[in-house]
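The values are calculated or read from the model by the stated rules, or taken from the named source; none is laboratory data. The model shown is predicted, which means the values in this text are computed figures rather than measured ones. Neighbour counts run over all protein chains shown; Cβ positions are idealised from the backbone, glycine included.
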Amino acid sequence: MELHTIELTVNGQSQRHSVEPRQHLVDFVRGVLGLNGSHLGCEHGVCGACTVEVDGRIVRGCLTLAVQAQGRTVRTIEGLSADGDVRDLQEAFVRHNALQCGFCTPGMVMATKELLEQKPDATRAEVREWMSGNYCRCTGYHAIVDAVCETLAARAGRRGAAR
């Protein structure tokens, strides 16, 4: 099979690698780059465990081909955590025991980061709807929604105090 060379930025680092045309982005970041935070669950784009950012928008890493990331900026949970963008959310997940087994957590955090940016005034119902694309078999979602709502409220309080 013919390989394609791709150049992209992953978690702030320039990368240049040869990949098979049908290699999925999540397989690339896990297998080639050794970034194992994004999990491979259903391989059909249903569970959300493989969620990564491409050019600032979340995508399903199991439905996105590595060659589609050519020239783009990719951020995985490792990059998101290293930047500290979601430290308050991660701490809320711990406080509310929203981690359980942890398999879905990276995808949940990636999806929630986008929610925090796009809908900073989201209601509890909107949080549940937003998170409906990510499956969790352990928590029943209550703890996750509690953690997200706590983070939204804390950030709203900080925005209010800054005015």
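Values as computed for the structure displayed
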item	result
Filter result for residue 98 (surrounded by 22 or more Cβ atoms within 10 Å (Cβ to Cβ), small (Gly, Ala, Ser) and either under 20 Å from residue 9 (Cβ atoms) or at pLDDT 95 or above (or both))	no
Qualifying residue in region 67-83 (condition: without any contact (Cβ under 8 Å) to a residue 12 or more places away in the chain, charged (D, E, K, R) and under 26 Å from residue 158 (Cα atoms))	yes
Region 116-150: number of residues that are among the hydroxyl-bearing types (Ser, Thr, Tyr) and either farther than 18 Å from residue 46 by Cα or not assigned by TED's automatic domain parsing to the domain that holds residue 104 (or both)	1
Of all residues making up region 93-137, the number that are under 20 Å from residue 81 (Cα atoms) and part of a helix (DSSP H, G or I)	18
Qualifying strands (runs of 3 or more DSSP E) (wholly inside region 1-82; at least 3 residues being outside the structural domain of residue 131 (by TED's automatic domain parsing), under 16 Å from the mean Cα position of the chain (by Cα) and surrounded by 13 or more Cβ atoms within 10 Å (Cβ to Cβ))	51-54, 57-60, 73-75
Residue tally, condition without any contact (Cβ under 8 Å) to a residue 12 or more places away in the chain and of a type outside the set (Lys, Arg), over region 106-131	6
Tally of residues being more than 17 Å from residue 53 (Cβ to Cβ) and in contact with a helix residue (DSSP H, G or I) (Cβ under 8 Å, 6 or more places away or on another chain) across region 101-125	4
Checklist (1) modelled with pLDDT under 95; (2) polar (S, T, N, Q); (3) assigned to a helix (DSSP H, G or I) applied to residue 151, failing item	(1)
Qualifying position, being surrounded by fewer than 19 Cβ atoms within 10 Å (Cβ to Cβ), closer than 24 Å to residue 35 by Cα and touching a residue at least 24 places away in the same chain (Cβ under 8 Å), among 103, 93	103
